[in-house]
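In what follows, a structure is listed as structure tokens, so that the remarks can point back to it.
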Amino acid sequence: MTSLPLTPTSAAHGHLDCHYFNAGLCRSCTFIETPHRDQVADKEAWCAEVLAGHSPDAWLPAAVGLDRDFRNRAKLAVGGSAGSVTLGILDQDFHGVDLRECGIQAPQIRAVIPTIAHFLNGTGLAPYDVKARRGELKFVHITAAPSGDLMTRFVVRSQHGLDVLRSRGQELRALLPTATVISVNLLPEHKAVLEGSREEMLLGDSLRMNLDRVDLHLRPQSFFQTNTDVAIGLYNQVAAWVDEIAPSSLWDLYCGVGGFALYCAGTTGQQSPRRVTGVELSEQAIESAKISAAELGFDSQSGATVEFIADDATEFAEANLASGERPDCVIVNPPRRGIGARLSTALEDSGIEHIVYSSCNPLTLAKDLDRMPSYTVERARVFDMFPHTKHLEVAVVLQRR
């Protein structure tokens with residue numbers, strides 16, 4: 001976990017008032033009592049301190065969105081009892097805490113939580129009892145697109161729970177007319193994870209995330225940033241940096257469903273078309289990215305070409321660099337652990353001119369930069385993806401010295 005020196009303070013204005021926080025029922029938004037502008041300033045200061053050894057030529061002003069109604073995905077633990085469920089979190093004693101009015105959730109998510117709770121009560125299925133290790137209902141995941149369309153997923157313990165929900169699929173579709181994807185996920189193991197590997201679709205197969213320039217397709221287990229507006233800002237900023245670099249060839253490593261790759265694929269007046277390759281381990285995510293690329297016409301138009309490959313990012317980079325293939329620019333967007341020693345070393349030894357690194361953990365970003373002394377940080381920007389928490393996204397542009 002990152003360590004961020006923020007101190008919650010009382011304020012008469014400038015912060016989101018939450019009755020769950022005030023009552024001590026939920027403390028997930030640790031810094032909700034700190035005015036949002038102060039949260040952002042503290043995040044910028046901490047990020048600059050962590051990256052002091054790689055101080056950029058310029059820190060751009062932080063990209064900031066709303067401090068409420070911003071979260072596009074709710075991960076709701078099911079608690080309570082059969083016929084009287086809660087949807088929210090579990091407390092320290094694993095009792096359900098209902099958070100259906102949470103102010104950071106997108107309004108369209110808040111609007112359907114009571115309907116989903118009523119539906120689950122009608123099934124007679126019991127919430128999973130963590131201490132007793134019995135029961136069926138574990139989680140409900142709801143993802144909202146800008147259009148208002150929803151993806152709703154139910155996580156259950158056994159085949160019995162799946163069968164009950166499947167038998168009531170028609171009722172569920174009628175109750176959730178804005179849902180374009182409904183699925184049931186099976187998580188039989190007793191462990192602290194949010195989903196299992198098996199997913200059964202009751203409606204649709206992917207949620208269309210209609211962004212400003214690109215429609216991305218999210219499947220049930222696909223990753224997408226939880227703050228849509230700030231994610232759009234991040235995509236546009238990275239695309240602008242890439243346009244300034246003007247590479248003819250670009251790798252997007254850890255590409256997910258293709259956000260960075262597709263935003264950066266358009267030509268910007270250069271003589272040769274831009275060739276973009278996205279690499280991601282998840283085959284589902286790659287299939288989704290291919291759908292988006294086809295809709296944008298990258299397979300048929302005479303401009304940029306886009307290819308998506310299901311592979312490990314490090315192994316892909318090592319193998320291709322060893323064979324002599326070297327792009328003009330690389331984007332990396334790794335999980336919290338960073339890109340690690342192997343990929344850092346491969347990039348350090350590659351001779352690639354520019355790297356754009358988007359990180360959700362400045363501490364691992366700093367470690368990765370330590371392993372790449374041939375690069376200097378040109379510009380950096382904080383993206384306030386997670387208001388009221390210590391977490392943030394930071395993107396930097398690296399140029400070979």
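From (1) open to solvent by 30 Å² or more (accessible area, probe 1.4 Å); (2) more than 17 Å from residue 144 (Cα to Cα); (3) part of a strand (DSSP E or B), pick out the condition that doesn't hold for residue 208.
(2)
Restricting the first residue to segment 372-401 and requiring it to be of a type in the set (D, E, K, R) and open to solvent by 40 Å² or more (accessible area, probe 1.4 Å), which pairs with a second residue that is in a loop (DSSP other than H, G, I, E, B) and modelled with pLDDT of 95 or more meet a Cβ separation below 6 Å and a spacing of at least six or different chains?
400/353; 400/374; 401/374
Pull out all pairs, ordered by first then second residue, where Cβ-Cβ is under 6 Å, the residues are six or more apart or on different chains, the first lies in segment 102-116 and is farther than 16 Å from residue 70 by Cα, and the second is assigned to a helix (DSSP H, G or I) and open to solvent by 20 Å² or more (accessible area, probe 1.4 Å).
So the pair list comes out as 115/175.
Could you please let me know if residue 9 is polar (S, T, N, Q), more than 24 Å from the chain's Cα centre (by Cα), modelled with pLDDT under 95 and not in a strand (DSSP E or B)?
Working: polar (S, T, N, Q): yes; more than 24 Å from the chain's Cα centre (by Cα): yes; modelled with pLDDT under 95: yes; not in a strand (DSSP E or B): yes.
When the stated conditions are applied, residue 9 passes them.
Which condition number in (1) surrounded by fewer than 23 Cβ atoms within 10 Å (Cβ to Cβ); (2) modelled with pLDDT of 95 or more; (3) touching a Phe, Trp or Tyr at 6+ places or on another chain (Cβ under 9 Å) is the one that residue 323 fails?
Of everything listed in (1) surrounded by fewer than 23 Cβ atoms within 10 Å (Cβ to Cβ); (2) modelled with pLDDT of 95 or more; (3) touching a Phe, Trp or Tyr at 6+ places or on another chain (Cβ under 9 Å), residue 323 misses just condition (3).
In the set 310, 261, 304, which member is hydrophobic (A, V, I, L, M, F, W, C), open to solvent by 40 Å² or more (accessible area, probe 1.4 Å) and either modelled with pLDDT of 95 or more or farther than 20 Å from residue 234 by Cα (or both)?
Within the list 310, 261, 304, the selection yields 310.
Have a look at 181, 230, 214, 279 and point out the one that is open to solvent by less than 20 Å² (accessible area, probe 1.4 Å) and more than 28 Å from residue 381 (Cβ to Cβ).
Being open to solvent by less than 20 Å² (accessible area, probe 1.4 Å) and more than 28 Å from residue 381 (Cβ to Cβ) holds for just one of 181, 230, 214, 279, which is 181.
Considering each residue of segment 117-158, count those that are in contact (Cβ under 8 Å) with a residue 40 or more places away in the chain, open to solvent by 20 Å² or more (accessible area, probe 1.4 Å) and assigned to a strand (DSSP E or B), and give that number.
Looking only at that region, the number is 1.
Based on this model, can you work out whether residue 161 counts as in contact (Cβ under 8 Å) with a residue 24 or more places away in the chain, assigned to a loop (DSSP other than H, G, I, E, B) and either hydrophobic (A, V, I, L, M, F, W, C) or open to solvent by less than 40 Å² (accessible area, probe 1.4 Å) (or both)?
So residue 161 fails the test.
Quick check: anything in segment 191-203 among the hydrophobic types (A, V, I, L, M, F, W, C), free of Cβ contacts under 8 Å to residues at least 24 places away in the same chain, open to solvent by 60 Å² or more (accessible area, probe 1.4 Å) and assigned to a loop (DSSP other than H, G, I, E, B)?
Within segment 191-203, one or more residues are among the hydrophobic types (A, V, I, L, M, F, W, C), free of Cβ contacts under 8 Å to residues at least 24 places away in the same chain, open to solvent by 60 Å² or more (accessible area, probe 1.4 Å) and assigned to a loop (DSSP other than H, G, I, E, B).
If you go through segment 44-53 one residue at a time, do you hit one that is closer than 20 Å to residue 32 by Cα, without any contact (Cβ under 8 Å) to a residue 60 or more places away in the chain and among the aliphatic types (A, V, I, L, M)?
yes
Among the listed residues 358, 350, identify the single one that is hydroxyl-bearing (Ser, Thr, Tyr) and under 22 Å from residue 256 (Cα atoms).
Of 358, 350, the one residue that is hydroxyl-bearing (Ser, Thr, Tyr) and under 22 Å from residue 256 (Cα atoms) is 358.
Which residues, counting only those in segment 242-258, are surrounded by fewer than 20 Cβ atoms within 10 Å (Cβ to Cβ) and either at negative phi or among the polar types (S, T, N, Q) (or both)? Even if it seems obvious, please write down each step before you answer.
Of the residues in segment 242-258, the ones surrounded by fewer than 20 Cβ atoms within 10 Å (Cβ to Cβ) are 243-246, 248-249.
Hits for segment 242-258 are 243, 244, 245, 248, 249.
The values are calculated or read from the model by the stated rules, or taken from the named source; none is laboratory data. It should be emphasised that the depicted structure is a prediction, and the values quoted were computed from it without experimental measurement. FYI the Cβ positions are ideal-geometry reconstructions off the backbone, even for glycines, and counts take in every protein chain you see. Calculation scope for accessible area: heavy atoms of the full protein, side chains included, ligands and nucleic acids excluded. Shrake-Rupley method; radii C 1.70, N 1.55, O 1.52, S 1.80 Å.
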